[in-house]
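Scroll down for the structure; my scribbles are underneath it.
The values are calculated or read from the model by the stated rules, or taken from the named source; none is laboratory data. Being a predicted model, the structure only gives us computed values, none of them experimental. No Cβ is skipped: glycine too gets one built from the backbone with ideal geometry, and neighbour counts run over all protein chains shown. We work out accessible area using only protein heavy atoms, side chains counted, and drop any ligands, DNA or RNA first. Shrake-Rupley method; radii C 1.70, N 1.55, O 1.52, S 1.80 Å.
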Amino acid sequence: MMTTPVPGRILASRENQGLVNLQSLVDQIANRTPDTSVPIVLVSGFSGWGEALFGTFNYWGGFEDLPAVLHAAGYTVIVVHIGPLSSNWERACQVYEQLTSANFDVPNALPPTTIPIDYGTVYPARYGYARHSNCSKAVLYGNLPTGWNWGTKSPVHCICHSQGGNTIRLLVELLRGNYGNLHPTYFTATDNRQNMINSVVTLGTPHKGTTITAVVQNLLPPDSLGLITQFIVSVSFRRPRFYDLQLDNWGFYRLPNESFRSMCARLRPLVQVWWEGPQNPVFPPHNGFYDNSIPGVNALNEFAPAPAPNTFYFTMSFDATEDFPNVRLSSADFATFPVTLPLSLLNSHNISGTVTSIGLNVFLSWVPGAPTLVNLAKWAVRVANTHLGALGYFNKIPQPGPKVPRADMLPIMLPTAYGMGGYELPAQFAQLIPGVSSAELQSNDGIVNTVSMRGPNDAQVSNVANFPVRSLERHTSDTTAKATYWHLGINKTMDHGDEIGVFTVGETYEEVKQMYLEFAMLLARLPLP
């Protein structure tokens, strides 16, 4: 098929095969007339914030502004503001209300305004939080057609980062209809409304869950509940909030004249239910941390087992790790080994002449079965954890493994990338993701395992090289290209922060910006319902 290269684009580096394949796909459909009036909705991941931190630092773009870049290129963009630590259920309700209300803030509005959210009947009753609460409005870049109302005849495209992909997957399933038992207002429709979302792009989404939750759990102190409560109180104590958790529905706000200590004491039992789940009867936790775990995402996969039949799906993976140097210790390594072998012991075995003539370090480096660097590191960590445990240490140093973070990874993610690179999947998790080994899970972007980013079910995933471009020219009822997760490939110079341009500099940021422009060009050329 003839292709039309996009003029003026920044070409992807060969290490970023996902972006290379995206640009190739865009070239193949470049002759199709774009429809830039269909809004692109940006859906943030776990810990994602709304208003720019310090007034300058955006979730989408860091010190740059990716929504503004897309708007300047002629696209209409909606940035939904959803709970950074909230469950997928709460976030899905927030997205639904923010889009259906068609009541948006302008960029950089201060203070941001809010809209009421209805969380339905089942989950508020189960977990003891308020059914009705407020959250920030979505932000609109550009203009919508007069009278625009989100619906099957006026759909949106979604570009989702991290947990945002699973939030939208839940929302798409709820739009299938007949979920009035969960929400008597938002999802009671008997007709299928999944066409309200024409396409879904996921960047670094944990479709099978992420092992970072297990790694972090191993690092938390025994009374992690106290630490978590203090964090929640700290960020919720004063208004306007520097970092808004949007968890007022849980009662996570300050009462008049309430002191910090009093607020901690009041919230601790509420935080316990939020973090651990209720105990009588027992239900799983209701927060984003759990919803990103392997058990949490497995529950989503059971609830929403199939993609929408008339929706386009594209996934992109990222790997910011490299192989742990799998080398045997050299004579130079042994020369600094913290062991002194008494020469008298060598003399008793009549080998001192040989050893001292070439050096003990060289001799040991020749011994068959000498440990590799990674095995020696594992042994050292195991020994250290054993003895630190005897001192009462609550946590363990993560085991090193076959994968370590790239040197240019965002420093705050180095510990988790390192821990995930050596994580061994326990049996109770392995049965939830059959066919995925510990070794496959060890490559990661600092937050999410690379193998988890392809899609929720490998049977639903296909290489984008097989994308049926010609089907786009047929009648819109042609579903050949729909209901399949088209995997674009793996980018290897971007970590989890780079995927949204956070602390991304130089050539990498230019490629990230180009990636969003390429997705916009792709989505604008997809046929509508």
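At-a-glance table
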{"quantity": "Selection from Met413, Ser234, Thr121 lying farthest towards where the dipole of the chain points positive, charges on Cβ", "calculated": "Thr121"}
{"quantity": "Centre separation in Å (Cα based) which lies between region 180-234 and region 259-326", "calculated": "5 Å"}
{"quantity": "Dipole axis of the chain (+1 Lys, Arg; -1 Asp, Glu on Cβ), positive-most option in Asn149, Ile447, Cys93", "calculated": "Cys93"}
{"quantity": "Residues of type lysines that Lys137 reaches as a straight line, Cα spacing below 28 Å, ignoring anything fewer than 8 places off in the same chain", "calculated": "Lys153, Lys513"}
{"quantity": "Highest-first arrangement of 90-103, 18-31, where packing means the average Cβ count within 10 Å", "calculated": "90-103, 18-31"}
{"quantity": "Proximal charge balance of Ala306 [Cβ under 15 Å; K/R count +1, D/E count -1]", "calculated": "0"}
{"quantity": "Partners for Lys403 among aspartates and glutamates (Cα-Cα distance below 17 Å; same-chain residues under 8 apart left out)", "calculated": "Asp319, Glu322, Asp323, Glu424, Glu440, Asp445, Asp495"}
{"quantity": "Dipole of the chain, positive direction: furthest Cα of Gly74, Ser462, Val282, with charges on the beta-carbon", "calculated": "Val282"}
{"quantity": "Dipole moment magnitude, nearest 20 debye, region 84-190 about Cα centre, only Lys, Arg, Asp, Glu C-beta charged", "calculated": "160 debye"}
{"quantity": "For Glu510, solvent-accessible area (1.4 Å; no DNA, RNA or ligand), Å²", "calculated": "70 Å²"}
{"quantity": "Full-extension gain in nm, Asn385 to Ala299, via 0.36 nm per residue minus C-alpha separation", "calculated": "27.6 nm"}
{"quantity": "Electrostatic dipole magnitude of the chain [Cβ: Lys, Arg +1; Asp, Glu -1; Cα centre; debye, to 20]", "calculated": "700 debye"}
{"quantity": "Apportionment of accessible area to carbon and sulfur, the chain, percent (1.4 Å)", "calculated": "57 percent"}
{"quantity": "Helical contribution to [θ] at 222 nm, DSSP H n ≥ 4, -39,500 (n - 2.57), averaged over the chain, rounded to 500", "calculated": "-10000 deg cm²/dmol"}
{"quantity": "Candidate lysines for bridging to Lys396, where Cα separation is under 20 Å - those fewer than 8 sequence places away on the same chain excluded", "calculated": "Lys378"}
{"quantity": "Charge dipole (debye, nearest 20) of region 378-508; +1 at Cβ of Lys and Arg, -1 at Cβ of Asp and Glu", "calculated": "340 debye"}
{"quantity": "Of the DSSP H helices in the chain, those whose Cα atoms cover at least 24 Å axially and whose Kyte score averages 0.5 or more", "calculated": "373-390"}
